[in-house]
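S.K.: Take this structure, written in structure tokens, and hold onto it; I'll ask about it next.
The values are calculated or read from the model by the stated rules, or taken from the named source; none is laboratory data. Bear in mind that the values here come from a model prediction, so they are computed numbers and not experimental data. Note that each Cβ is placed from the backbone with ideal geometry, even for glycine, and that neighbours are counted across all protein chains shown. Surface areas here come from the heavy atoms of the whole protein model, side chains and all, with no ligands, DNA or RNA. Shrake-Rupley method; radii C 1.70, N 1.55, O 1.52, S 1.80 Å.
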Amino acid sequence: MKLGRLNHIGVATPSIAQAIVHYRDVLGASDITAPFDLPEQGVKVCFVNTPDGGTQIELIEPLSESSPIHGFLEKNPLGGQHHVCFEVADITQARVWFEAQGKRILGPTRIGAHGTPIFFLHPKDMLGQLTEIMETPKVTHD
Ligand code: CO
């Protein structure tokens, strides 16, 4: 397996609406997607784009108290960095690669916020960093 591009950094927030204002007004972000719900994952997300197709910030707000992000925000009330996401060419091959190294994969491969297959690796097997692996979108990044 070959490591692909750093697609996004996941940032948890108690309020996507307030986080959007922060990225726009404090950091000068001019290209932020509209928020949308991912009910299967219990979250609402939106993407802050950086220029020239650079790495995105994925803002993540819990949809309910059963969301995995809810527990994170209890420990980190302001929000903060939650995961990093790397692209790979072939998600099935990547899964086999990590499993062969005894890395714990959290749940099944599923469709992520970019509409391509993803899975997460346990932070304790990844130097403390919750790591998302996503298949590179075939056409464009958005
Ligand atoms: Co993500």
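S.K.: Pick from 38, 78, 130: which residue has the top mean-square fluctuation in a GNM of the chain where Cα pairs under 10 Å get a spring?
M.R.: 78
S.K.: Now a separate question. Please compute the modelled spin-label separation between residue 15 and residue 105, points set 7 Å along Cα→Cβ, answer in nm with one decimal.
M.R.: With each label placed 7 Å out from Cα toward Cβ, I get 3.9 nm.
S.K.: Mind checking which of 107, 96, 134 is farthest towards the positive end of the chain's charge dipole, using Cβ charges of +1 (Lys, Arg) and -1 (Asp, Glu) about the Cα centre?
M.R.: About the Cα centre, the residue reaching furthest to the positive side is 96.
S.K.: Now for a separate question. Diagonalise the Cα gyration tensor of the chain and give the resulting equivalent ellipsoid semi-axes, square root of 5 times each eigenvalue, largest first, whole Å.
M.R.: Value: 24, 19, 13 Å, ordered largest first.
S.K.: Going from most exposed to least, what order do 36, 119, 98 have by accessible area with a 1.4 Å probe?
M.R.: Descending accessible area places them as 36, 98, 119.
S.K.: Rolling a 1.4 Å sphere over the protein heavy atoms, what is the accessible area per residue of the chain, to the nearest Å²?
M.R.: That works out to 56 Å² for each residue.
S.K.: Keeping all protein chains in the complex and leaving out DNA, RNA and ligands, what accessible area do you get for residue 31 with a 1.4 Å probe, in Å² to the nearest 10?
M.R.: Its accessible surface works out to 80 Å², give or take rounding.
S.K.: Then there is this: With point charges of +1 on the Cβ of Lys and Arg and -1 on the Cβ of Asp and Glu, referenced to the Cα centre of the chain, which listed residue (63, 80, 118) lies farthest in the positive direction of the dipole?
M.R.: About the Cα centre, the residue reaching furthest to the positive side is 118.
S.K.: Could I ask something else about it? Within the stretch 1-16, name every residue whose backbone N is under 17 Å away from a label modeled 7 Å from Cα of residue 34 along the Cβ vector.
M.R.: Only 16 fall inside the zone, counting backbone N under 17 Å.
S.K.: Normalising by the residue count of the chain, find the relative contact order in percent from Cα pairs under 8 Å and 6+ residues apart.
M.R.: 24 percent
S.K.: Follow-up question, since we're still on this one. If you roll a 1.4 angstrom probe over the protein chains with everything in place, what fraction of the accessible area of the chain belongs to carbon and sulfur, to the nearest %?
M.R.: 57 percent
S.K.: What is the distance, in nm, between label points placed 7 Å from the Cα along the Cα-to-Cβ direction at residue 75 and at residue 27?
M.R.: Using points 7 Å along Cα→Cβ, the separation is 2.2 nm.
S.K.: What would the Debye equation give as log₁₀ I(q)/I(0) for the stretch 8-84 at q = 0.12, 0.23, 0.27 Å⁻¹, counting only Cα atoms as equal point scatterers?
M.R.: Reported log10 I(q)/I(0), two decimals: -0.30, -1.05, -1.34.
S.K.: Sorting check: for 70-76, 3-9, which peptide has the highest mean count of neighbouring beta carbons within 10 Å, and how do the rest follow?
M.R.: The peptides rank, most packed first, as 3-9, 70-76.
S.K.: Among all the lysines, which ones have a C-alpha under 27 Å from residue 2's C-alpha, if same-chain residues fewer than 8 places away are not counted?
M.R.: 103, 124, 138
S.K.: Right, another one. Using +1 on the beta carbon of Lys and Arg, -1 on that of Asp and Glu, and nothing else charged, what's the dipole of the stretch 1-109 about the Cα centre, debye to 20?
M.R.: Here the stretch 1-109 has a charge dipole of around 340 debye.
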